[in-house]
Structure formats: C-alpha cells, structure tokens
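Asks: My questions all concern the structure below.
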Amino acid sequence: MNSMPTIETTEPLVLVVDDDDDIRDILYYGITHAGCRCLTADSGESALKQLQSEPIEVVISDIQMVGMNGLELCRQIKSRYEADVIIITGLVNNFAYEEIIADGASDFIEKPIRLAEIVARLKRVLHERKIRGQLKATASELSDNVGRFRNAMEGFVQAISLAVEIRDPYTAGHQNRVADLSSAIGQRMGLSDDRIYGLRMAAVIHDLGKITVPGEILCKPGRLSAPEYAMIRTHVQSGYDILKKIDFPWALAEIVLQHHERMDGSGYPNGLSGEQILLEARILAVADVFETIGSHRPYRPSLGMKKAMSELTDNSGRLYDPQVVDACLALVNETGYTLKGKSVEPVAVTTQMQSL
C-alpha cells in the first residue's frame, strides 16, 4: 500500500457507497491514505442525504445494492449535483460500459477491485474536474470581458450618435427610435440575438455621415436645391468611410452604406437591388422611413403613422423588402407598436420630405 500514488489536490471530499462493510473500509483506507477526505454510505438513499449537506466532489459507488442501485444513484446525482461518479461492479455481463457512461458516470471499474487502480482512476477524475473548473473560470472571465467590451462599444456608438444629433437637433432621438424599431422588426423576423444586436448598433449610428454635411443644410426649413440634396446623399458614403477601418464584430459600415438602397435599384449610393442589399440594411431602410414620416422635421411637421404605413404598403416589393414591411406593419397592427417620445398625429404639409 505504501507505493500507492498520492493525489495532488487540496483534500477533495469523496463519498464511497457500498452495502458491503469490508469494501467500504478498504476504500476508505486507500482514499484517505492518498490524501482525500472520505465519507461512506451503505445505500443510495443514504448517499443522497449526505450529498445534500456535504460538498462532495466524487462518488464511488457499487452497482448492485439493496434498494436504489448504483446506476439509479448515478442518474440522481447527475441531475441534481455537480459531483462526478465512478461505478464499481462485478456484473459486467449485465451492465454494459456504454450504458454506465451514458448514465453520466465518469469512469467504470470491474471487480475484483485493486486499491491502487481505484486511486489512480480517482486521481484522473479529480484532475479532469480541476481542468473543467479552470475552463469554467476562464469562460466566465471571458464573458465578463466581452460584457465590458460591449459596454465600451455601446458607449462609443452612443457618443457618435450624440455627436450627430448635436449638429442636427431636429432629428434628436431619431437614430435611437430607428434602432428600437429595427430591433423589433428583426426579432419579429426571427433574427438571432447577435444579428439583432449588430443591427441595433448600426441603426444607432446610421446617420453618422451627416457630421460632414453643413449644418445650414441639415436644418434648412425650406426646400433643398439639387446641389444641397446631393450633399445630403453623401452622408451614407461618409458614414461608411468613417466606420470601415473599425473592426466591429458586425458589418456596421456596410449596413450604414446600404440603408438608402432600394429593392428596385433606385436607391443610393450604388444602385443595389434585391438580395444584393444586406437584410439588416433592408430592415434599417424600412425603420428609417417609418420613423422619418412619423416624426417632425425642420422642413415639415409629422405626417402621422397612417401616412408612414401607407408609404410602406404602397411601395412594398418595389422600394422596400416585402417581408420586412409585413413584419413592421404586423408590429403596429398586432402589438400596437408606437414610436417612442414623438407625436405622430397627421398634419397636412406642402413642403419637401428631404430625408426620404
């Protein structure tokens, strides 16, 4: 026994379960001699009671016992506790190795048992538990770092959004409202959480390029001249040029670039059509138009939600993706979705709708 391998651990707690007194005594001696603390139980029921109150890391159990057998005990342990299970049995013909592992056991040892083998197997299981614990801690730390990165990224994106809105006070809140609606449409269409998150980030800064447009054009109360309107249209390319060198996890620059493209190829800046346009950009286009029509602008009052819905319905399939339009209209009609923080009552107007 003196040549038995020593387990390099900080005294983990092991539970031996067997209805044979001699087997329990032998295993208790070997496990404690190898540097672990050890508890014993003479039945599966007794073992479960100890698991409720003790931080047991590994259970070593016989299969054939009075009452609850070792496989049922293993299933109970794996469904309720974090302990590993090593099964010991002499009934090799009755219990296949695959079945035992399928029930959640970490290892399987045939009788007659050899104490040195039991300790060696226990050492391996404990080492694997340690590795899993380290991986779990690393994953948790990585998750925390990702969370901090996302918070920092959101703060950066919101700062950009604020910079745009400081120059164009009449559209204050526009980008965030478009982001809310875009996210709701994406969710309605079944996009993954990650894609919705990226879509929201793009929507929050989709008008970033307007910081390159002279303020007097952005805030002009009357009709824009052709050169002024051409200047407005440059904002998508400017936004793309600012964002393209930043390695975001999502195609933010491309979404911003394409959000004024139209299904029939009549949009700008590149005249893309149909599936050439990113789905996120097609969603953003619908949300942007809906919010723009439903909100006040320096060149006109709000046109109201009915006008916004009419614009989408009349041009579904021609200018706007019909599936995106359907999702947007369903949000309004079925869930009562409304734009936040803006009055959208209809007002008669005669001035130009430059933002469209």
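Asks: Can you give the three extents of the C-alpha atoms in the chain along their principal axes, from longest to shortest, in whole Å?
Replies: That works out to 98, 37, 34 Å along the principal axes.
Asks: Of all GluC sites (Glu not before Pro) in the stretch 23-105, which ones are in loop regions per DSSP and have a Cβ with at most 13 other Cβ atoms within 10 Å?
Replies: Glu82
Asks: Moving to a separate point now. For the stretch 13-137, taking Cα atoms only, what is the radius of gyration to one decimal and the Dmax to the nearest whole Å?
Replies: Both quantities, over Cα of the stretch 13-137: 13.3, 40 Å.
Asks: To continue, here is another question. Hey, which lysines would be in cross-link range of Lys220, C-alpha to C-alpha under 18 Å, not counting anything within fewer than 8 residues on its own chain?
Replies: Cross-link targets: Lys210.
Asks: Please give the Cα centre distance for the stretch 190-213 versus the stretch 102-167, rounded to the nearest Å.
Replies: If we compute the Cα centre of each part, the gap is 31 Å.
Asks: To continue, here is another question. If we count other beta carbons within 10 Å of each Cβ, what is the order of Asp264, Asp288, Asp180, fewest first?
Replies: Asp264, Asp180, Asp288
Asks: Let me ask another. Taking H as built 1.01 Å from N, whose amide H comes closer than 5 Å to the amide H of Ile60, not counting residues under 5 places away?
Replies: Here the answer is Leu15, Val16, Val17, Ile86, since their amide H atoms fall under 5 Å of that of Ile60.
Asks: Testing the spin-label approximation: label points 7 Å from Cα along Cα→Cβ at Asp19 and Arg195. State their distance in nm.
Replies: The answer from the label model is 5.7 nm.
Asks: Still on this structure, I have one more. Could you give the nm distance between label points at Lys49 and Ile109, where each point is 7 Å from its Cα heading toward the beta carbon?
Replies: Label at Lys49, label at Ile109, 2.6 nm between them.
Asks: GNM on the chain, C-alpha springs below 10 Å: top fluctuator among Leu181, Leu257, Leu71?
Replies: Result for the chain, Cα springs under 10 Å: Leu71 fluctuates most.
Asks: Next up: State, to one decimal in nm², a quarter of the convex hull surface area for the C-alpha atoms of the stretch 102-158, i.e. the direction-averaged projected area.
Replies: Projected over every direction and averaged, the Cα hull of the stretch 102-158 covers 5.6 nm².
Asks: Now for a separate question. Which angle from 0 to 90°, rounded to the nearest 10, does the C-alpha axis of helix 193-204 make with the longest principal axis of the chain?
Replies: 30
Asks: Straight distance only, please: which aspartates and glutamates reach the Cα of Lys245 with their own Cα at less than 16 Å, same-chain residues fewer than 8 apart left out?
Replies: In chain and number order, the partners are Glu254.
Asks: 7 Å from Cα along Cα→Cβ at both Lys78 and Glu11: what's the point-to-point distance in nm?
Replies: 3.1
Asks: Then there is this: Among all the lysines, which ones have a C-alpha under 29 Å from Lys130's C-alpha, if same-chain residues fewer than 8 places away are not counted?
Replies: Lys49, Lys78, Lys111
Asks: Roughly what % of Cα-Cα distances in the stretch 199-288 sit above 23 Å, to the whole percent?
Replies: Values: 904 of 4005 pairs.
Counting every Cα pair in the stretch 199-288, those more than 23 Å apart make up 23 percent.
Asks: Run the dipole for the stretch 168-335 about the Cα centre, Lys and Arg Cβ at +1, Asp and Glu Cβ at -1, nothing else charged, and hand back the magnitude in debye, nearest 20.
Replies: With Lys and Arg at +1 and Asp and Glu at -1, about 480 debye.
Asks: OK, next. Along the positive direction of the dipole of the stretch 235-279 (beta-carbon charges: Lys, Arg +1; Asp, Glu -1; about the Cα centre), which of Tyr240, Leu278, Tyr268 reaches farthest?
Replies: Tyr240
Asks: Summing +1 for each Lys or Arg and -1 for each Asp or Glu, what net charge is found among the other residues whose Cβ lies under 11 Å from the Cβ of Leu272?
Replies: Summing Lys/Arg as +1 and Asp/Glu as -1 gives -2.
Asks: Still on this structure, please answer the following. Based on a Kirkwood Rh over C-alpha pairs, give the Stokes-Einstein translational diffusion coefficient of the stretch 168-335 at 20 °C and viscosity 1.002 mPa s in µm²/s.
Replies: Numbers: Rh = 16.1 Å.
Estimated via Stokes-Einstein, D reaches 134 µm²/s.
Asks: Now for a separate question. On a full-extension model of 0.36 nm per residue, what is the gain between Thr212 and Arg37, subtracting their alpha-carbon distance, rounded to one decimal in nm?
Replies: Answer, rounded to one decimal: 56.0 nm.
Asks: Could you tell me which of Leu218, Ile255, Ser310 has its Cα farthest along the dipole of the stretch 168-335 towards the positive end, charges placed at Cβ (Lys, Arg +1; Asp, Glu -1), taken about the Cα centre?
Replies: Going by the Cα projections, it comes out as Leu218.
Read-outs: derived from the displayed coordinates by stated rules, not from any lab. Just so it is clear, the model here is predicted, and its values are computed rather than measured. Cβ atoms come from the backbone with ideal geometry, glycine included; neighbour counts cover every protein chain shown.
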